[in-house]
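Chemist: My questions all concern the structure below.
The values are calculated or read from the model by the stated rules, or taken from the named source; none is laboratory data. Only a predicted model underlies this, so the values are computations on that prediction, with no experimental measurement involved. With ideal geometry, Cβ positions are generated from the backbone for all residues, glycine too; neighbour counts draw on all protein chains shown.
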Amino acid sequence: MPIAFEKVSYTYAPGTPFSYAALKEVDLAIEMGKITAIIGPTGSGKSTLVQHLNALLQPSDGQVLVLDRIITHADKPKQLKSLRKNVGLVFQFPEYQLFEETVLKDVMFGPLNFGVSEEEAKKRAMETLTVVGIDPSIAEKSPLDLSGGQKRRIAIAGILAIDPKVLVLDEPTAGLDPQGSKSMMQLFTQLNRQYEKTVLIVTHDMEHVLNYCDNVVVMQDGKCVTHQTVKEFFNDGKLLHELNIKVPNVLRFKESLAKGGMSLPEGISDLQTLAKAIAGRIKP
Amino acid sequence: MKPIEVKHLKFSYDQETDVVRDVSFSVERGSYTTIIGHNGSGKSTIAKLLIGLLEKEEGEILIDGAPLTLENLAAIRSKVGIVFQNPDNQFIGATVRDDIAFGLENHNVDPKEMDGIIERFAQEVNMTSYLNHEPTRLSGGQKQRVAIAGVLAMSPEILILDEATSMLDPEGKGDVNELVDQLHHSRNMTILSITHDIEEVRKSDHVLVMNEGQIVMDGDPDVILHRYADLVKLRLDAPFSVKLALELKKLGIVLDNPMDEEGMVDQLCRLHLKK
């Protein structure tokens with residue numbers, strides 16, 4: 001199993017009055033080649049969880065298996081560099097971390113750090129800029145002069161240029177306008193389908209979970225309370241209610257119709273299919 | 001006299017490309033106005049011009065009828081409060097109490113009265129039990145509520161929110177929206193909110209739509225949110241029910257009022273029963 005958490009606990013500031021258990025004996029196996037959503041309220045441990053994937057945090061107890069590596073509290077940080085090449089982590093608001101003079105230099109920074117030649121780093125940077133939808137003609141501009149959405153794409157390109165197998169994104173659409181966040185999610189789908197990246201996305205947006213993700217992990221109070229396919233998850237009305245999950249629009253509308261006597265088949269998740277199913281029931 | 005009136009406003013950051021181009025609009029007293037537009041359309045620049053953080057190149061800004069100039073900036077700022085997007089960028093005090101006190105100190109409020117004022121506004125935003133906490137340890141929604149308390153303590157007549165909920169989780173967003181609604185209703189405060197949240201637009205009295213530095217739509221949200229095709233062209237979104245009604249229309253099903261989701265469900269279920 002390439003990514004797995006085995007009884008992983010993590011405590012911030014252990015042994016001090018501020019000690020705080022952010023993860024409590026988490027057991028979890030992530031399916032490779034899929035898009036997995038990680039959801040849960042603020043403070044439930046989502047960000048702490050994903051920071052274990054490239055060993056930014058090491059478990060206080062238990063172990064994390066990532067691509068044939070086992071990470072425990074005993075590992076020396078130095079040995080973890082090769083791991084970071086394979087797991088790219090994009091933080092919240094990554095655009096605040098751009099720092100180079102030009103877009104190109106910023107994207108090249110990652111691959112150069114992993115020992116790639118100047119020439120190869122440049123080639124990769126130009127390629128990944130295209131992949132994330134940035135016109136290569138702005139490669140020589142200062143990243144600080146661009147719009148927020150563009151900056152975020154450049155930050156993501158910087159991680160992709162390292163060519164990781166696993167891409168982890170912490171709230172990648174926060175603060176983007178509706179179309180910007182839609183095309184961002186489409187980018188992750190493309191990276192998954194076309195470039196075969198395993199993608200993990202921390203999000204609060206249930207529309208995104210329904211429309212773009214395969215599996216869902218729900219964190220609550222430092223524990224993984226459920227891990228299943230997105231399809232199963234949104235079919236379990238009782239669980240959604242218990243976890244206080246905002247039901248996506250299509251499913252909410254479908255439920256209201258069912259209450260009014262029009263029940264539609266299972267598995268409808270997008271607007272067009274919903275409209276067709278309704279029309280099928282109404283029109284002669 | 002309108003609380004905010006803007007005439008032919010123009011601004012650019014680099015003297016070349018205008019970020020705000022010939023913008024005119026007004027805001028009614030006690031109204032809830034929303035401004036929408038894609039990232040980079042000039043929304044936040046307008047907010048910064050309104051409170052004098054940026055200086056306009058051309059045009060006029062009138063707050064309660066008085067033109068905004070360098071000379072009366074202080075007077076204008078006591079009437080207009082603003083809450084920004086990033087809750088982490090607007091804290092000064094070491095505790096929540098100090099943070100709310102900061103604005104009061106700047107306005108030479110008598111220290112004897114300060115504690116009472118702070119407690120009153122902390123109560124209004126439901127943060128009384130956090131007064132001695134460090135702001136860094138609060139959640140995003142709590143931080144924004146403290147920021148609002150700090151603004152309220154200056155007793156402004158107008159509250160500007162510059163994407164104040166866009167960095168918050170659903171719970172934080174709900175709490176802040178509820179607080180703003182409450183201020184709007186109980187204090188009849190004039191609200192100007194820059195937002196991407198279509199639900200917030202739907203419940204506002206008036207919406208301005210920006211694109212490329214200009215206001216391209218201005219009016220009743222019920223009317224504007226219906227114009228789905230136009231909104232998509234402007235890289236915006238429409239309410240779910242409007243989008244569904246449009247899909248149904250393509251399939252030959254025409255409904256009365258797509259802004260009202262419950263009514264839509266009723267109509268569809270009736271059509272279903274009739275068949």
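Chemist: List the strands (runs of 3 or more DSSP E) inside region B:149-240, counting only whole elements, that have at least 1 residues being more than 12 Å from the chain's Cα centre (by Cα) and within 13 Å of chain A (Cβ to nearest Cβ).
Modeler: Values: elements: B:158-162, B:190-194, B:206-211, B:214-219.
Qualifying strands (runs of 3 or more DSSP E): B:206-211.
Chemist: Here is a further query. Could you name every one of the strands (runs of 3 or more DSSP E) located completely within region B:1-100 that has at least 3 residues being in contact with a strand residue (DSSP E or B) (Cβ under 7 Å, 6 or more places away or on another chain) and under 29 Å from A:Gln92 (Cα atoms)? Don't jump to the end; show me each part of the working.
Modeler: On the way: elements: B:4-12, B:18-27, B:32-36, B:58-63, B:80-83.
Fully inside region B:1-100 and qualifying: B:32-36, B:80-83.
Chemist: Among A:Gly43, A:Gly15, which is crowded, with 16+ Cβ neighbours inside 10 Å and assigned to a loop (DSSP other than H, G, I, E, B)? It would help to see each step written out before you state the result.
Modeler: Details: A:Gly15 fails: crowded, with 16+ Cβ neighbours inside 10 Å.
Of the residues listed, the single one that is crowded, with 16+ Cβ neighbours inside 10 Å and assigned to a loop (DSSP other than H, G, I, E, B) is A:Gly43.
Chemist: Scan region B:241-252 for residues that are over 15 Å from A:Lys276 (Cα atoms) and within 7 Å of another protein chain (Cβ to nearest Cβ) and report the count.
Modeler: Within region B:241-252, residues that are over 15 Å from A:Lys276 (Cα atoms) and within 7 Å of another protein chain (Cβ to nearest Cβ) number 0.
Chemist: State the number of residues belonging to region A:56-106 that are touching a Pro at 6+ places or on another chain (Cβ under 9 Å), free of Cβ contacts under 8 Å to residues at least 60 places away in the same chain and within 14 Å of chain B (Cβ to nearest Cβ).
Modeler: Counting residues in region A:56-106 that are touching a Pro at 6+ places or on another chain (Cβ under 9 Å), free of Cβ contacts under 8 Å to residues at least 60 places away in the same chain and within 14 Å of chain B (Cβ to nearest Cβ) gives 0.
Chemist: Give the residues of region A:209-221 that are touching a helix residue (DSSP H, G or I) at 6+ places or on another chain (Cβ under 9 Å), farther than 16 Å from A:Glu31 by Cα and surrounded by fewer than 22 Cβ atoms within 10 Å (Cβ to Cβ), sorted by residue number.
Modeler: Answer for region A:209-221, where residues must be touching a helix residue (DSSP H, G or I) at 6+ places or on another chain (Cβ under 9 Å), farther than 16 Å from A:Glu31 by Cα and surrounded by fewer than 22 Cβ atoms within 10 Å (Cβ to Cβ): A:Leu210, A:Asn211.
Chemist: Restricting attention to region A:235-246, does a residue exist that is more than 9 Å from every other protein chain (Cβ to nearest Cβ) and within 25 Å of B:Lys274 (Cβ to Cβ)?
Modeler: no
Chemist: Can you name every residue in region B:167-197 that is loosely packed, with under 15 Cβ neighbours inside 10 Å and within 15 Å of B:Phe121 (Cα to Cα)?
Modeler: Across region B:167-197, the qualifying residues are B:Gln182, B:Ser186, B:Arg187.
Chemist: Within region A:261-275, work out how many residues are outside any loop (DSSP other than H, G, I, E, B) and surrounded by fewer than 16 Cβ atoms within 10 Å (Cβ to Cβ). First the steps, then the outcome.
Modeler: As a first pass, look at region A:261-275 and keep what is outside any loop (DSSP other than H, G, I, E, B): A:271-275.
From what is left, the residues that are surrounded by fewer than 16 Cβ atoms within 10 Å (Cβ to Cβ) are A:272-273.
Qualifying residue count, region A:261-275: 2.
Chemist: Let me ask something else about it. Residues of region A:72-101 being assigned to a helix (DSSP H, G or I), of a type in the set (S, T, N, Q) and under 22 Å from A:Leu144 (Cα atoms), which ones? Break it down stepwise before answering.
Modeler: As a first pass, look at region A:72-101 and keep what is assigned to a helix (DSSP H, G or I): A:77-86, A:94-97.
Keeping just the survivors that are of a type in the set (S, T, N, Q) gives A:79, A:82, A:86, A:97.
Answer for region A:72-101, where residues must be assigned to a helix (DSSP H, G or I), of a type in the set (S, T, N, Q) and under 22 Å from A:Leu144 (Cα atoms): just A:Gln97.
Chemist: Go through region A:165-189 and report how many residues are more than 12 Å from chain B (Cβ to nearest Cβ), hydrophobic (A, V, I, L, M, F, W, C) and part of a helix (DSSP H, G or I). First the steps, then the outcome.
Modeler: Initial filter on region A:165-189 (more than 12 Å from chain B (Cβ to nearest Cβ)): A:165-170, A:172, A:185-189.
Those left that are additionally hydrophobic (A, V, I, L, M, F, W, C): A:166-169, A:185, A:187-188.
Those left that are additionally part of a helix (DSSP H, G or I): A:185, A:187-188.
Within region A:165-189, residues that are more than 12 Å from chain B (Cβ to nearest Cβ), hydrophobic (A, V, I, L, M, F, W, C) and part of a helix (DSSP H, G or I) number 3.
Chemist: B:Leu68 fails exactly one of the following numbered conditions: (1) more than 30 Å from B:Thr17 (Cβ to Cβ); (2) crowded, with 20+ Cβ neighbours inside 10 Å. What is the number of that condition?
Modeler: Condition (1) is where B:Leu68 drops out.
So that you can scan it fast, the table gives a plain yes or no per residue for (1) touching a Lys or Arg at 6+ places or on another chain (Cβ under 8 Å); (2) of a type outside the set (Gly, Ala, Ser); (3) part of a helix (DSSP H, G or I); (4) without any contact (Cβ under 8 Å) to a residue 12 or more places away in the chain:
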| residue | (1), (2), (3), (4) |
| --- | --- |
| A:His227 | no, yes, no, no |
| A:Lys231 | no, yes, yes, no |
| A:Glu255 | no, yes, yes, no |
| A:Ala258 | no, no, yes, yes |
| A:Ala277 | no, no, yes, no |
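Chemist: How many residues does region A:234-250 contain that are in contact (Cβ under 8 Å) with a residue 24 or more places away in the chain and outside any loop (DSSP other than H, G, I, E, B)?
Modeler: The number of residues fulfilling the criteria is 4.
Chemist: Would you be able to say whether some residue in region B:253-272 is at the interface with chain A (Cβ under 8 Å from one of its Cβ atoms), of a type in the set (Lys, Arg) and surrounded by fewer than 20 Cβ atoms within 10 Å (Cβ to Cβ)? I'd like the intermediate steps shown before the answer.
Modeler: Going through region B:253-272, the residues at the interface with chain A (Cβ under 8 Å from one of its Cβ atoms) turn out to be B:253, B:261-262, B:265-266, B:268-269, B:271-272.
The next check asks that each one be of a type in the set (Lys, Arg); those that pass are none.
No, because not a single residue in region B:253-272 is at the interface with chain A (Cβ under 8 Å from one of its Cβ atoms), of a type in the set (Lys, Arg) and surrounded by fewer than 20 Cβ atoms within 10 Å (Cβ to Cβ).
Chemist: Let me ask something else about it. Give B:Val96, B:Val80 a once-over and let me know the one that is in contact (Cβ under 8 Å) with a residue 12 or more places away in the chain, among the aliphatic types (A, V, I, L, M), farther than 22 Å from B:Phe11 by Cα and in the same structural domain as B:Leu225 (by TED's automatic domain parsing). If you could, list the steps in order and put the result at the bottom.
Modeler: Details: B:Val80 fails: farther than 22 Å from B:Phe11 by Cα.
Among B:Val96, B:Val80, only B:Val96 is in contact (Cβ under 8 Å) with a residue 12 or more places away in the chain, among the aliphatic types (A, V, I, L, M), farther than 22 Å from B:Phe11 by Cα and in the same structural domain as B:Leu225 (by TED's automatic domain parsing).
Chemist: Considering region A:247-260 alone, what residues qualify as being within 10 Å of another protein chain (Cβ to nearest Cβ), buried (at least 17 other Cβ atoms within 10 Å of the Cβ) and of a type in the set (A, V, I, L, M, F, W, C)?
Modeler: The answer is A:Val250, A:Phe253, A:Leu257.
Chemist: Any residue in region A:138-164 that's within 14 Å of chain B (Cβ to nearest Cβ): show its pairings with residues that are in a loop (DSSP other than H, G, I, E, B) and among the polar types (S, T, N, Q) at Cβ separation under 7 Å, as long as the two are six or more apart or on different chains.
Modeler: A:Lys141/A:Thr102; A:Ser142/A:Thr102; A:Ser147/B:Asn39; A:Gly148/B:Asn39; A:Gly149/B:Asn39
Chemist: If you don't mind, another one. For region B:103-139, give me the residue count where each residue is part of a helix (DSSP H, G or I) and either more than 14 Å from chain A (Cβ to nearest Cβ) or surrounded by 20 or more Cβ atoms within 10 Å (Cβ to Cβ) (or both).
Modeler: First, pick out the residues of region B:103-139 that are part of a helix (DSSP H, G or I): B:103-106, B:111-124, B:128-130, B:135-137.
With either more than 14 Å from chain A (Cβ to nearest Cβ) or surrounded by 20 or more Cβ atoms within 10 Å (Cβ to Cβ) (or both) added as a condition, the list becomes B:103-106, B:111-124, B:128-130, B:135.
Number satisfying all stated conditions: 22.
Chemist: Can you tell me which condition A:Gly33 does not meet? The list is (1) without any contact (Cβ under 8 Å) to a residue 40 or more places away in the chain; (2) surrounded by fewer than 16 Cβ atoms within 10 Å (Cβ to Cβ), and all the others hold.
Modeler: Unmet condition: (1).
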